[in-house]
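Heads up: the structure comes next, in structure tokens.
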Amino acid sequence: SQTIHQWPATLVQPVGSPLSLECTVEGTSNPNLYWYRQAAGRGLQLLFYSVGIGQISSEVPQNLSASRPQDRQFILSSKKLLLSDSGFYLCAWSVRGGRYGYTFGSGTRLTVV
Amino acid sequence: TQLLEQSPQFLSIQEGENLTVYCNSSSVFSSLQWYRQEPGEGPVLLVTVVTGGEVKKLKRLTFQFGDARKDSSLHITAAQPGDTGLYLCATLPGGDKLVFGAGTILRVKS
């Protein structure tokens, strides 16, 4: 069966520090991978998505970047965190097309202080 | 403006009551997905509806896709505290990117 792992679960980082959040998927090949951010427990905003190794599409201009060094690995990064980067970050995967739904990781609560 | 408008934004009810939450849009969709998210966790897919007028049931949850495929509803019968969470509708307006509504926060008190 397919599983998705996301870590860390919580993170407190000072302003100006770097960030690296990692997401890995098991049990599937060539997944679409996504990073979402959720503010205040409401709707999800798509940040990045990837349809293959090295292929990254950015949805919202911001202080973050994403990389996909391996087929089932997706990394969210920042060189210098801002206070506004605080939030709940969710990684997800889907088969091509997404019509069978997304499977989400358990999320990372990031607090920038 | 949001592609998907969800209402109400927040709902607090007593255990055993029935409730309906809505997901509306001015656009026509080929399909609509419903997710439930518990605090501190990622959303979990409940159901996908694809045909106008379609009704799907998942235990005490009934999902309906509007005839014109512009809206959907989720009805919960005899709500329980375990139903507490954020209910999100989502759709694929084009390509593989899922777009979410802002969600309905449901609290069921015992």
- Item | Test set (1) farther than 23 Å from B:L92 by Cβ; (2) touching a strand residue (DSSP E or B) at 6+ places or on another chain (Cβ under 7 Å); (3) loosely packed, with under 14 Cβ neighbours inside 10 Å - A:G16 fails condition number | (2)
- Task: Select from segment A:98-113 the residues that are basic (K, R) and either modelled with pLDDT under 95 or not in a strand (DSSP E or B) (or both) and list them in ascending order.
- Result: A:R99
- Query: Any idea how many residues of segment B:62-85 are crowded, with 22+ Cβ neighbours inside 10 Å, within 14 Å of chain A (Cβ to nearest Cβ) and within 18 Å of B:Q9 (Cβ to Cβ)?
  - Reply: 0
- Task: Report the residue count in segment A:1-58 for those that are within 27 Å of A:L82 (Cβ to Cβ), of a type in the set (S, T, N, Q) and part of a loop (DSSP other than H, G, I, E, B).
- Result: 1
- Item | Criterion: surrounded by 13 or more Cβ atoms within 10 Å (Cβ to Cβ), on the phi < 0 side of the Ramachandran plot, within 11 Å of chain A (Cβ to nearest Cβ) and basic (K, R) - qualifying residue of B:K56, B:K97 | B:K97
- Counted residues in segment A:76-107 being within 16 Å of A:T24 (Cα to Cα) and either basic (K, R) or crowded, with 20+ Cβ neighbours inside 10 Å (or both) come to 12
- Just give me the residues in segment A:33-68 being within 10 Å of the chain's Cα centre (by Cα) and at the interface with another protein chain (Cβ under 10 Å from one of its Cβ atoms), in sequence order. A:Y34, A:Y36, A:L46, A:Y49
- Task: Only strands (runs of 3 or more DSSP E) wholly contained in segment B:35-90 count here; list those with 2 or more residues that are under 11 Å from the mean Cα position of the chain (by Cα) and over 21 Å from A:F104 (Cβ atoms).
- Result: B:61-65, B:71-76
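The values are calculated or read from the model by the stated rules, or taken from the named source; none is laboratory data. All figures in this text were calculated on a predicted structure; none of them were measured in a lab. Because the Cβ atoms are built from the backbone with ideal geometry, glycine has one as well, and the counts that use them run over all protein chains shown.
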